[in-house]
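Accompanying notes for the structure given below.
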Amino acid sequence: MTALLATGGWLPVSVVLSSFLTGIFIFFLREEDVLMRSLLNLGGAVLKVALGILLLWGVAQGFVYTFVLPLGAGLDLILFADPLALQFVLLSAGLWLVTTVYAIAFLEGSPERSRFFGYFSLCVTASTGIALAGNLLTFVIFYEFLTLATYPLVVHHGTREALKAGRTYLIYTLGGGMLLFIGAVWLQGLIGPVVFGPVPALAETDLPRGVLIAIFWLIAGGLAVKAAMVPVHGWLPTAMVAPAPVSALLHAVAVVKAGAFGLFRLVYDVYGIALAGAPAMGGLLAMLASVTIVYGSLRAIAESDIKKRLAYSTVSQLSYIALGTALGGPLAAVGALAHLVHQGLMKITLFFCAGRLAETYDIHNVHELAGMGRRMPVTMTAFTVAALGMIGLPPVAGFVSKWYLALGGLQTGNDWVLAVLVLSSVLNAAYFLPPLYVAWFTAPPPEARLQRRILPGWVEWGLLVPPVITASLALVAGLLAALPISPLAWAELIVALRYFPVTGDGP
Amino acid sequence: MDQADIYILAGMALFAIALHALAARRHLVRKVLAINILGGGCFLVLIAVARRAPGPVADPVPHAMVLTGIVVAVSVTAVALILVRRIRSATGRTDFPEDNRDDRV
Amino acid sequence: MTEVAPKQGPGGRLVLAALVMLVFAGLAWAALDRPAAYPGLASSVLDRLADTGAANPVTAVLLDFRAYDTFLEVGVLLIAAIGVLSLVGRETRVAALPPGDRTPVHGVLLRVLPPLMVVTGLWMLWAGTSQPGGAFQAGAVLAATLILLALAGKDAPRLADTIRLRAALAIGFAGFLTAALAFLMLQGGLLAYPAVGKTAWIVAIEVGICLSTAATLALFYLLPGSPADRA
Amino acid sequence: MVDTSWAAIAVAVPLLAALASLWPGRWTAVAVMAVAVPGALLATLGVVWTVYEIGVYRHPVGGWGAPLGIDLYVDGLAAAFLALLAVVAGLASLHVLADPDVKAMPRRRQSLFWSLWYWVWGALAAMFVSGDAFNIYVTLELATLAGVILVSFGHGAVALFASLRYLLIGTLGALSYVLGVALLYGATGTLDLVLLGERLVPGPAVVVAAALVTVGLAIKAALVPLHIWLPPAHGSAPAGVSAILSALVVKAGFYLLVRYWLGPFVSLGDGVATALGILGAVGVLWGSLNAIRQERLKLLVAYSTVAQVGYLFLLFPLAAAGGHVMAWSGAHLLVLSHATAKAAAFLAAGNILTSQGTDHLSEIGRASHHHRLSLLAFGLAGATLMGLPPSGGFLAKWLMVTAAVETGQWWWAAVLIIGGKLAAIYVYRVVRLGFVTSPMEPPGAAGPPRPPGLLPVPMLTILAALGLAVVSVGLGFASAPPLRLLQIGMPAAPGIALEPLP
């Protein structure tokens, strides 16, 4: 076992490659090789989780995992596993496993599945690559790779609407990628390779302030596109035309989180909070995040399409992470990182449920939910748990992150954050409670109007079990937040180890 | 101004004239002729360069270059002429179409 | 050949003329410039002439000092031959003079000229090592002989894309390449002739080039006259 | 293994193959390829190995040595281009071997095609290792003439017109080049490129000579505005031919310009470097905008070549301003990745054209499932064209933009970035077709059947395209060895002390 742990840089590489290689194999499978494809999918996903856990264990034992591939001309591709990277890796890998089960069931019998699962695997490869990136160049490589790998999933249905959404998606993300590229090259041209090390790359910089601010906003602007911050959020709601598993994993977790995660890296590992906390950088970012939080919620209220409403909710919720990042205090950072996980668990649950509703009863609109609480009690329970968590009601995980964000706001002297959070929670309630009410407390329509689609038994289970798991996890993460294995504890550990070292005996 | 200067100027003049013909003439055979005259100009310049070089005799290296160049010119001309013939038998044209850039004829 | 009207108007023509004048001015400016002259390679060629297998400096340059250029140049000729074969089609026969048009002069010429031309060609080939002349010139004369025969319709060679024709076209380059590689193996240098029998090697290579040149030039003239192409 | 002869063998192998191909046998093509492709790869490996071991070296042809004789001159750049040639031409050969269009020809014609194919290969190999100005002229003519005839193998009269235009303009370029060489010889008494650099004193003859050489080579490199011959030729040639013309023959012109302008001409001033850069920038914009406008896939790819070649010319101003190492590495990495990507794109386009009988963009979407692997290859190649990761094109652009930033010439960076976005538009126009649900292909669990009227695409042709695309993507990760190779014998910029990279 120790031999496995002491493999040095190869462990993070194999974490990335586990999904890449399966993805490549899947591309070449024939459509009808369902069993082979499913085995590959699940095998790759389980392997990735196992490797992730192995990596976690190794890091806990004090092993250092750094993989350096020299690219020549002074550039390196670096993969490394710090606690922050591990958090995102485990989140991606874990949710990928769950979503794979869901997706196999969801897409049963539909065309072009080899293509779908191939790109699906590549997306997760990219997002684990983003997580494990050890320098800015590596981050940019995987960040852009994610854009390209996601496009085929957005346009998967091949309809005019899907292609149009794909086009919007590309325009936004490639534009963002361009900003990121300019910022990254500019910065690297000035100070050399930007490594995410123990000390922020710009800790002792003598660059002019104007240049620093410009580069900050170029990079942050590029990241904000994927993090769907106002005013560059427009692609996310249109991208909801993608199949439900894509919306669930990518547009609730992998893609959007890549942006949020990148913002955290930018503020804490590139600039350092001492520098990035300045009003022209972190301060403005926090304002922008607040605006997005409120704006996303308002738009969500206006949407009656379930997936669209969830998408705007994502826009809003993601900016909690950006807000916590930008505030620049230890508690806020803990809140941001905890929310990175919590929001993922809750939002993926909601999308799973929405997909199941659409598959079984062809329900796409909030008003059509009437009586669903009685028809699909388990699904709706999962939905309810996640929705309540989103609003921030204890004991679901969402409460914990909001609590820490509020504390962080107070700790850094930004009392207005409290107001934003309260307002946002009220708005969250305004768009999540009505569907819950309709589902649980209104009478179902006459039988004739609702045809339940008959699905094979294993498909039913495949659509049902994943949301139940993720909803339970969201609940447990909130209930047991004090345990050392909870996402909150992990976030606290990251912050204490890396960014706000505690003096004294420490954790 | 000695003999070599006259040769080299004549070579340059041929080059320029042929350049004009290549651009202005539309008949394909004339263009092929222009290419030949272009080559002739180059060879004349080479001969003059050989003459100019200080040394006991005219420099044999440019002479060899001219011989090589002539063989190349013959080859190019042969291929060009047969292409012209093929074009004429396929399309009846002896010049380039105005808009052959973008699509199939 | 009827000239197609130029496509550009008088303005365009004027601009073109001005541009060409400008180019000529530049070229003339360069032509009249005599940079601090380095001596050419004439004296080095003469100094080393004895080490080559040729007595004529130009031949020495062509087939020894810069044999590599010549080697590739034979390749250019072969490519052109391949191009003609590919663009024309399989078989052809040159349109000879109709028998009715023949005059007694033709008969005499056809009896007298070809042997003379062949002899001339062979002599040029042989003389090339010491005097002006050489494989290409000899090949050209031989090709002219073939063309003359074909035009006169007497013993007109049937040119078809056969293995034999291809062999004739390629023999010059093939011989050169074989020699080049053999010398690479034996002497460790591409086209580095062995010191012994250098002249023999050069003559052998020249014979090959001469044959190929004759075949190629004849092909250029004879093959495109294919009836299929005329139709 | 360390032997300067490898350079000569790398030239000789394709030439032997060109001769052997003339035998019109049934298995000739397969047999020749089975020997020639591995042989060329092996010889290239020998060249690369030798240059790694002993650095820059010469192989005096005939044993005379420059200036009397001709030297083969091998540095890292030459070795890298030879390696590129072997990989691209080798994989493209596989495509040609299975190409239904080629197979449909009579056997004798096929054998002529193959011979010309290896002639282009051999001519380029000879060009890359040539250290002699006039010898380069002969190789240029070899490559052009063989390329011209190969273009004429394309369908219809358009191919003939394109072929003749290519021949006329190409010969003009070669003769302009040779006139320049004549003047250079008159000024320096030598044809060896290195000696030429030592003896060159700027003056009227030398300046005009440099202009003639540059114009001649710029025609071959299709630098705007001397590019007009390229789109019709590359757009109408058989797929494999378009691939090597776009990937390699055009690059050869750029290669020689680098040889001259970062070699003997370097003392002639930075103005020309800037001018080349500006023309390159215009090429990027003009080529991209035209590519966006095209309705035929092969023409789109051909115009994209005009644009991509434009990027390369930014090397000159960037190097002249001191961004030497980054620009050198970036531009040549771009050569390698663009060549592989462009070959892949042309082969993919050829597969679609052969199968469907048309390459109009509006038609391709009707059979997207049938073409999915070709479109995948195109998409992968597209990543390099757009300069997006993971691809060699991304890294190359990163390096070049870094050079622009380091030398404070942000406008070149802007060209690189805008060009990338324009490329994204035309690549997108094609890639999206891969995802269109088409009425011709009703979805089914077993995958839609092949729509009527479409010919099957041989697997080998797809694998060749995919292979090249994968190489161009892989260059984004395996870039260290080629970059290290390219540093061997890298010319020093004027007034700049070279710090070897770690």
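The values are calculated or read from the model by the stated rules, or taken from the named source; none is laboratory data. This one's a predicted model, so the numbers in the text were calculated from it and none came from an experiment. Because the Cβ atoms are built from the backbone with ideal geometry, glycine has one as well, and the counts that use them run over all protein chains shown.
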Count of the range B:1-29 residues which are farther than 20 Å from C:MET21 by Cα, more than 7 Å from chain C (Cβ to nearest Cβ) and in contact with a Leu (Cβ under 9 Å, 6 or more places away or on another chain): 2
Can you find, within the range D:118-156, the residue that is surrounded by the most Cβ atoms within 10 Å (Cβ to Cβ) among those that are aromatic (Phe, Trp, Tyr) and over 17 Å from the mean Cα position of the chain (by Cα)? D:TYR137
In this structure, is A:ALA260 more than 30 Å from A:LEU463 (Cβ to Cβ) and surrounded by 23 or more Cβ atoms within 10 Å (Cβ to Cβ)? no
Looking at D:LEU167, is it buried (at least 24 other Cβ atoms within 10 Å of the Cβ) and under 21 Å from the mean Cα position of the chain (by Cα)? yes
Residue under question is A:THR125, and the condition is that it be out of contact with any His (no Cβ under 6 Å at 6 or more places or on another chain), within 11 Å of chain D (Cβ to nearest Cβ) and of a type in the set (Ser, Thr, Tyr); does it hold? yes
Quick one: D:ALA291 ticks every box in (1) small (Gly, Ala, Ser); (2) closer than 23 Å to D:ALA205 by Cα; (3) buried (at least 24 other Cβ atoms within 10 Å of the Cβ) bar one, so which box is it? (2)
Across the range D:135-162, which residue is farthest from the other protein chains (Cβ to nearest Cβ) among those that are of a type in the set (Gly, Ala, Ser) and not in a helix (DSSP H, G or I)? D:GLY154
For the range A:333-418, which fully contained helices (runs of 4 or more DSSP H) count at least 2 residues that are touching a Cys at 6+ places or on another chain (Cβ under 6 Å) and not assigned by TED's automatic domain parsing to the domain that holds A:LEU97? A:377-391
Can you tell which of A:ALA81, A:ALA105, A:ALA73 is within 20 Å of A:ARG265 (Cα to Cα) and either without any contact (Cβ under 8 Å) to a residue 24 or more places away in the chain or among the aliphatic types (A, V, I, L, M) (or both)? A:ALA81
Going by the structure shown, is A:SER110 within 14 Å of chain D (Cβ to nearest Cβ), of a type in the set (S, T, N, Q) and closer than 13 Å to A:VAL246 by Cβ? yes
Take D:THR28 and tell me if it is of a type outside the set (D, E, K, R) and within 14 Å of another protein chain (Cβ to nearest Cβ). yes
Residue satisfying condition, being free of Cβ contacts under 8 Å to residues at least 60 places away in the same chain and either in contact with a Lys or Arg (Cβ under 8 Å, 6 or more places away or on another chain) or within 30 Å of D:LEU300 (Cβ to Cβ) (or both), within set B:ALA10, B:ALA18, B:ALA80: B:ALA80
So for the range A:268-287 (the condition being closer than 24 Å to A:ILE494 by Cα and within 18 Å of the chain's Cα centre (by Cα)), does at least one residue qualify? no
Report, ordered by the first and then the second residue, all pairs with beta carbons closer than 8 Å, sequence separation of six or more or different chains, a first member in the range C:41-58 that is more than 9 Å from chain B (Cβ to nearest Cβ), and a second member that is among the acidic types (Asp, Glu) and part of a helix (DSSP H, G or I). C:THR52/C:ASP64; C:GLY53/C:ASP64; C:ALA54/C:ASP64
Got a sec? Which of A:THR168, A:THR100 is assigned to a helix (DSSP H, G or I), over 30 Å from A:LEU39 (Cα atoms), polar (S, T, N, Q) and away from chain D (no Cβ under 11 Å)? A:THR168
With the condition kept exactly as written, say whether any residue in the range A:443-451 is of a type in the set (A, V, I, L, M) and assigned to a helix (DSSP H, G or I). yes
Tell me, which residue of the range B:43-66 that is touching a Phe, Trp or Tyr at 6+ places or on another chain (Cβ under 7 Å) and within 7 Å of another protein chain (Cβ to nearest Cβ) is surrounded by the most Cβ atoms within 10 Å (Cβ to Cβ)? B:PRO62
